[in-house]
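The values are calculated or read from the model by the stated rules, or taken from the named source; none is laboratory data. This one's a predicted model, so the numbers in the text were calculated from it and none came from an experiment. Because the Cβ atoms are built from the backbone with ideal geometry, glycine has one as well, and the counts that use them run over all protein chains shown.
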Amino acid sequence: MTTEELDAPTRRSPLLWTVLVVGALVILAIIASRVATDYLWFRSIDFQTVFTTRLAAQIGLLFGFGIVMFAIVFFSMVIAYRLRPKVRRANLDSEFLVQMRDVLDHRSRLLMAIPASVIGLLGGLTALGQADVFLAWTSATPFGESDPYFGLDAAFYVFTLPWLQFICGYLLFALIVGGIAALCVHFLTGALNASALRGKGNTSASVPAQRQLSIMLGVIILLFGFNVVLDRFGLNITQSTLFTGMGYTDMETRAPVAAIIAAICVICALACFYNAWRVRWSVPAASIALLVVSMLLLSSLYPWLIQSFRVTPDEQDKELPYIANNIAATRYAYAIDGIEIEDYEATTTATAGQLRADAEALPAIRLIDPAVVPRTFEQLQQVRGYYTFPSTLDVDRYVIDGQATDAVVAVRELDLNSVESGDTWNNRRTVYTHGYGMVAAYGNQRGANGEPVFFSGGIPTVGRLEEHEPRIYFGERSDYYVVVGAPDDRAPVELDTPSGGEGRSESLYTYQGDGGVPIGNLLTRAAFAIRFGDINLMLSERVNEDSRMLHDRVPVQRVQEAAPWLTVDSDPYPTVVNGRIVWIIDAYTTSDSYPNAQRVDWSQAISDSRTSTDRTLMGQQVNYVRNSVKAVVDAYDGSVKLYEWDEQDPILQTWSKVFPGMVTPKSEIPEQLLEHLRYPQDLFKAQREILGRYHTENANTWYHQTDIWQVPNDPVNGGQDRLKEPPYFLTIRWPRDTTPHFANTTVFVPKDRENLSVYMGVNSDATSDDYGRMRALKLSDAKQIAGPGQTFNFISTNPLVAERLLPFNRDGASATAIYGNLLTLPMGGGLLYVQPIYTQTKTSGSYPALRFIVVRFGDQLGIDDSLQGALDQVFEGDAGATTGENEQGSVSPPGEEEPSDKTAEERARAFLDEAEALFAGADEALKEGDLGAYQAKVDAAEEKVTEAAKALAEG
């Protein structure tokens with residue numbers, strides 16, 4: 001090899017450049033496709049303002065704070081390089097440093113710009129995550145409530161303080177990085193070395209460098225002092241020894257110490273600025289040493305001494321005024337300051353006629369447990385194996401024949417895991433696109449065989465509900481995207497009903513709605529193909545010029561994405577409003593920065609035996625909450641509507657300024673929708689958790705913990721997991737009220753005890769003037785009343801119950817008993833427990849059927865096939881009022897036909913669909929050798945066929 005070849009510059013491989021360019025293009029394509037498809041999704045639900053506003057804020061913060069970080073780091077290095085010694089020197093005669101200095105001299109700006117750009121980009125990405133904090137700060141709305149220590153409006157802590165803390169922390173970090181970068185440049189240029197720092201050698205060359213570093217250090221200390229001042233205000237939202245907020249030690253030591261430390265920081269900064277003039281490091285060193293010692297003594301040791309030797313020995317008296325402020329702030333922050341607590345001398349003696357005053361409420365007692373009957377719904381209303389119902393159904397209210405009726409409801413959704421014809425792309429994306437139908441049963445009725453009495457069901461849907469669009473394109477099980485829509489001249493491909501076509505074959509359908517994103521455009525289709533990594537979107541002939549992409553179809557997910565400033569309730573529920581099936585979702589504005597209010601872990605506060613924490617964000621801290629929004633998602637087109645509910649909430653007002661027009665005024669809520677709105681579950685759970693200690697306004701009682709309300713464990717479903725009993729939606733008559741009302745109810749027991757101490761309910765009827773009225777009955781301590789755990793034990797060990805359940809509990813029994821929810825109702829001057837008991841055979845295709853009702857009042861217990869019978873047993877043969885039940889346990893008169901808007905043919909088809917499902921179940925039972933179940937299902941199927949024939953004859 002010649003000398004010329006050795007000296008020739010090395011050529012970079014074109015393959016490397018190709019890979020780099022292609023990689024960059026792929027990354028840009030992925031980012032662009034995500035941004036474009038997100039925008040199209042937001043535009044499809046008319047929430048593009050949310051997307052564009054947040055995107056603009058994120059881009060602004062990315063570039064703004066990125067430029068600030070870049071400028072601080074880059075110009076710190078540039079200034080350091082310009083202050084290099086005129087005589088070239090290198091530290092410690094290092095060859096490496098000499099070479100680095102040579103490179104720096106030849107390409108100084110480039111070498112400085114590259115690391116500064118990287119650091120600036122990282123800083124900008126950090127700021128990007130603060131977009132919502134920034135937007136809230138720009139439109140902050142005052143609360144009208146000031147903290148008692150600094151006199152600042154709560155809006156300062158909720159909106160302003162987080163933003164100021166971020167800015168201060170960001171600038172502090174940027175200056176520290178800039179100072180380190182400048183120090184490195186000074187070291188490379190020889191402006192600083194060990195000898196210069198010790199004052200030996202040629203110190204004049206290092207003076208400019210030391211001056212720059214002195215000024216930067218002074219600014220850093222000033223920012224640190226400002227951060228200390230912010231932390232002083234932050235004492236109102238930090239955890240003290242007893243609670244969240246300012247305590248005695250905080251107010252008497254940490255708050256004044258913070259001011260002292262801030263003043264010392266100013267002195268240290270001035271010393272650093274002085275050092276830039278005189279260059280005597282002994283002065284700033286002494287001041288910084290003073291700062292460090294002061295922080296150790298004043299910020300750590302002094303508060304510890306005060307807490308240990310002054311507060312702890314006399315904690316109650318010292319903390320009393322601070323506890324009182326914490327109680328007041330917490331009760332306001334959780335909206336429990338209006339709770340009405342009344343003493344209740346509950347009677348435990350049952351006498352004849354005792355429920356006469358409760359005659360109007362008795363027929364409304366809910367007997368159907370929404371956590372037990374999903375299997376029953378599936379067996380009676382599933383129709384096909386690819387349909388499913390949720391594991392826990394929902395409770396809603398409907399006005400039927402002029403009477404408000406509690407109902408157990410669910411929608412029939414698709415379960416792709418059970419698709420019979422194979423998991424192909426066409427099936428998953430274009431055929432199995434939607435569920436079908438609302439299924440609803442009376443909450444207070446049962447059929448002759450213990451089955452729910454449905455007033456809406458079947459395919460096509462028949463019953464007492466108004467005629468509505470039955471198709472469910474957006475539901476809780478719709479966690480995958482589908483492609484729908486086609487030109488009018490194309491044959492439908494979407495499976496609609498299992499037997500609605502000719503010859504009872506399956507019927508097909510083409511989506512007619514405006515939901516989703518049109519993907520007829522080739523570029524749009526390509527963007528979605530990149531986003532989902534699915535080339536079939538480009539190749540399939542089923543994707544056409546009229547196709548629409550439906551994705552992010554889970555209602556809770558849609559609301560959370562459309563309004564990311566909201567915390568969404570974990571219990572959405574479906575209902576029929578103005579001819580559409582819609583999902584109603586309660587949404588909350590929350591904060592963890594309301595001054596002096598107690599923080600709770602949101603996921604733990606709302607978890608119980610029916611709501612697991614894995615459905616929510618773990619660790620989310622909250623100390624302010626309002627049910628500010630009622631969200632509605634249309635099950636057919638996926639449209640999202642946010643209705644203002646709490647018109648006085650400052651956080652909602654703030655976000656309404658940030659995103660104008662996204663929240664619809666409360667006055668525009670449709671009347672029919674208002675009938676189905678209810679008091680939210682998660683809010684009620686969080687409130688009852690806080691009320692455990694904060695029901696009292698007495699600071700002494702709070703401190704001594706002598707009157708703690710504790711949510712009992714669910715005796716039925718909690719088991720050994722010791723999960724809390726959930727609240728229950730019930731129609732109750734409050735003592736001394738004249739009429740019953742729909743309420744969310746719960747009970748409390750004393751701490752670590754099992755006897756009942758408090759019964760609480762909140763009016764959940766959104767059409768009532770008393771909506772949200774929270775009341776509690778505090779039971780006398782002189783009279784022990786059994787709590788849920790004790791009552792369940794009393795029921796399960798009672799000889800009467802044991803005798804009735806003996807055929808189901810003994811070894812080798814063909815069926816087993818299932819205990820339903822244990823309901824507590826204020827009736828007869830005391831508290832009445834009602835528990836349904838279901839039975840289920842141990843055969844394939846079996847389902848729970850309501851068999852017995854158990855009632856307990858005081859020490860009296862009754863068990864019967866009907867609620868009326870059980871009540872009469874308890875109250876000496878005459879409860880004093882009737883439940884309206886007939887012989888079969890149904891409240892409606894025997895033989896009464898349910899009116900329906902459906903044609904005779906549609907009703908007959910629904911009966912035949914049910915018969916077909918029963919015949920299929922019979923075949924499964926026969927395969928397993930269960931002749932008893934086989935015969936029962938065949939008989940039931942034949943009854944359905946007879947009903948179908950009757951419907952056609954009447955038509």
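Out of E494, E541, E561, E545, one residue alone is among the acidic types (D, E) and under 15 Å from F42 (Cα atoms). It is E561. Residue pairs whose Cβ atoms lie under 8 Å apart, separated by 6 or more positions or on different chains, with the first residue in the range 802-813 and closer than 13 Å to I837 by Cβ and free of Cβ contacts under 8 Å to residues at least 12 places away in the same chain and the second aliphatic (A, V, I, L, M) and outside any helix (DSSP H, G or I), are P807/A813; P807/A815; N809/A817. Residues in the range 578-586 include at least one that is in contact with a His (Cβ under 6 Å, 6 or more places away or on another chain), within 27 Å of D46 (Cα to Cα), assigned to a loop (DSSP other than H, G, I, E, B) and at pLDDT below 95. Checked against the criterion of being touching a residue at least 12 places away in the same chain (Cβ under 8 Å), part of a helix (DSSP H, G or I), farther than 30 Å from F792 by Cα and of a type in the set (K, R), the range 688-703 contains not a single residue that satisfies it. I'd like the full set of residues that are of a type outside the set (A, V, I, L, M) and touching a Ser or Thr at 6+ places or on another chain (Cβ under 8 Å), limited to the range 788-834. If the condition is that a residue be of a type outside the set (A, V, I, L, M) and touching a Ser or Thr at 6+ places or on another chain (Cβ under 8 Å), then P788, F808, N809, S814, T816, Y819, T824, G828, G829, G830, Y833 are the ones that fit. Yes or no: N444 within 20 Å of Y386 (Cα to Cα) and not acidic (D, E)? Taking the combined requirement at face value, the residue does not satisfy it. Please determine whether any residue of the range 667-686 is among the hydroxyl-bearing types (S, T, Y) and touching an Asp or Glu at 6+ places or on another chain (Cβ under 7 Å). No, every residue in the range 667-686 fails to be among the hydroxyl-bearing types (S, T, Y) and touching an Asp or Glu at 6+ places or on another chain (Cβ under 7 Å).
Looking across the range 433-449, the residues that are in contact with a Phe, Trp or Tyr (Cβ under 7 Å, 6 or more places away or on another chain) and either at pLDDT below 90 or part of a loop (DSSP other than H, G, I, E, B) (or both) come down to T433, H434. For the range 829-850, the criterion of being touching a residue at least 60 places away in the same chain (Cβ under 8 Å), small (G, A, S), farther than 30 Å from T347 by Cβ and out of contact with any strand residue (DSSP E or B) (no Cβ under 7 Å at 6 or more places or on another chain) is met by at least one residue. Within the set I336, I327, I323, the sole residue that is outside the structural domain of F224 (by TED's automatic domain parsing), outside any helix (DSSP H, G or I) and modelled with pLDDT of 95 or more turns out to be I336. Please work out if D147 is acidic (D, E) and either touching a Phe, Trp or Tyr at 6+ places or on another chain (Cβ under 6 Å) or closer than 26 Å to V68 by Cβ (or both). For D147, the condition - acidic (D, E) and either touching a Phe, Trp or Tyr at 6+ places or on another chain (Cβ under 6 Å) or closer than 26 Å to V68 by Cβ (or both) - is not met. Filtered by the rule that a residue be in contact with a helix residue (DSSP H, G or I) (Cβ under 7 Å, 6 or more places away or on another chain) and modelled with pLDDT under 95, the range 726-739 gives T731, R733. For the range 189-203, indicate whether the set of residues that are over 24 Å from F134 (Cα atoms), at pLDDT 80 or above and surrounded by fewer than 17 Cβ atoms within 10 Å (Cβ to Cβ) is non-empty. Checked the range 189-203: no residue is over 24 Å from F134 (Cα atoms), at pLDDT 80 or above and surrounded by fewer than 17 Cβ atoms within 10 Å (Cβ to Cβ). Only a single item in (1) without any contact (Cβ under 8 Å) to a residue 24 or more places away in the chain; (2) over 28 Å from N596 (Cα atoms); (3) surrounded by fewer than 16 Cβ atoms within 10 Å (Cβ to Cβ) is not met by L290, and it is number (1). Taken over the range 788-837, the residue count meeting the criterion of being in contact with a Gly (Cβ under 8 Å, 6 or more places away or on another chain) and under 27 Å from P374 (Cβ atoms) is 4.
When the criteria are applied in full, V283 fails the requirement of being of a type outside the set (S, T, N, Q), buried (at least 16 other Cβ atoms within 10 Å of the Cβ) and not in a helix (DSSP H, G or I).
Evaluate the following for Q672: is it among the polar types (S, T, N, Q) and closer than 21 Å to V762 by Cα? Judged against the criteria, Q672 is not a match. Note on the range 594-621: residues that are buried (at least 24 other Cβ atoms within 10 Å of the Cβ) and modelled with pLDDT of 95 or more total 4. Scan the range 647-661 for residues that are surrounded by 18 or more Cβ atoms within 10 Å (Cβ to Cβ) and touching a residue at least 40 places away in the same chain (Cβ under 8 Å) and jot them down. Residues satisfying the conditions are D649, P650, I651, L652, Q653, T654, W655, V658, F659. Looking only at the range 747-771, filter to residues that are buried (at least 17 other Cβ atoms within 10 Å of the Cβ) and of a type in the set (G, A, S); which one of those is farthest from T706 (Cα to Cα)? Filtering first and then ranking leaves A766. If the condition is being closer than 22 Å to G533 by Cβ and either of a type outside the set (G, A, S) or modelled with pLDDT of 90 or more (or both), then the range 420-432 contributes D423, T424, W425, N426, N427, R428, R429, T430, V431, Y432. Just need a number here: residues in the range 389-415 that are farther than 19 Å from I585 by Cα and surrounded by 23 or more Cβ atoms within 10 Å (Cβ to Cβ). The qualifying residues number 1. Look through V399, V383 and report the one residue that is touching a residue at least 40 places away in the same chain (Cβ under 8 Å), touching a Lys or Arg at 6+ places or on another chain (Cβ under 9 Å) and among the β-branched types (V, I, T). Residue meeting the stated conditions: V383.
Out of L164, L171, L135, one residue alone is out of contact with any Ser or Thr (no Cβ under 9 Å at 6 or more places or on another chain), surrounded by 19 or more Cβ atoms within 10 Å (Cβ to Cβ) and in the same structural domain as A71 (by TED's automatic domain parsing). It is L171.
The C-beta contact set for the range 514-533 (first residue farther than 23 Å from A635 by Cβ, second residue surrounded by fewer than 17 Cβ atoms within 10 Å (Cβ to Cβ) and basic (K, R), distance under 7 angstrom, 6+ apart or interchain) comprises R531/R34.
Look at (1) in contact with a Gly (Cβ under 7 Å, 6 or more places away or on another chain); (2) surrounded by fewer than 19 Cβ atoms within 10 Å (Cβ to Cβ) and you find that Q512 fails only one, number (1). Being closer than 16 Å to Q860 by Cβ and either of a type outside the set (S, T, Y) or without any contact (Cβ under 8 Å) to a residue 60 or more places away in the chain (or both) is the filter; apply it to the range 775-791 and report the residue that is surrounded by the fewest Cβ atoms within 10 Å (Cβ to Cβ). So, considering only residues that are closer than 16 Å to Q860 by Cβ and either of a type outside the set (S, T, Y) or without any contact (Cβ under 8 Å) to a residue 60 or more places away in the chain (or both), the one surrounded by the fewest Cβ atoms within 10 Å (Cβ to Cβ) is K783.
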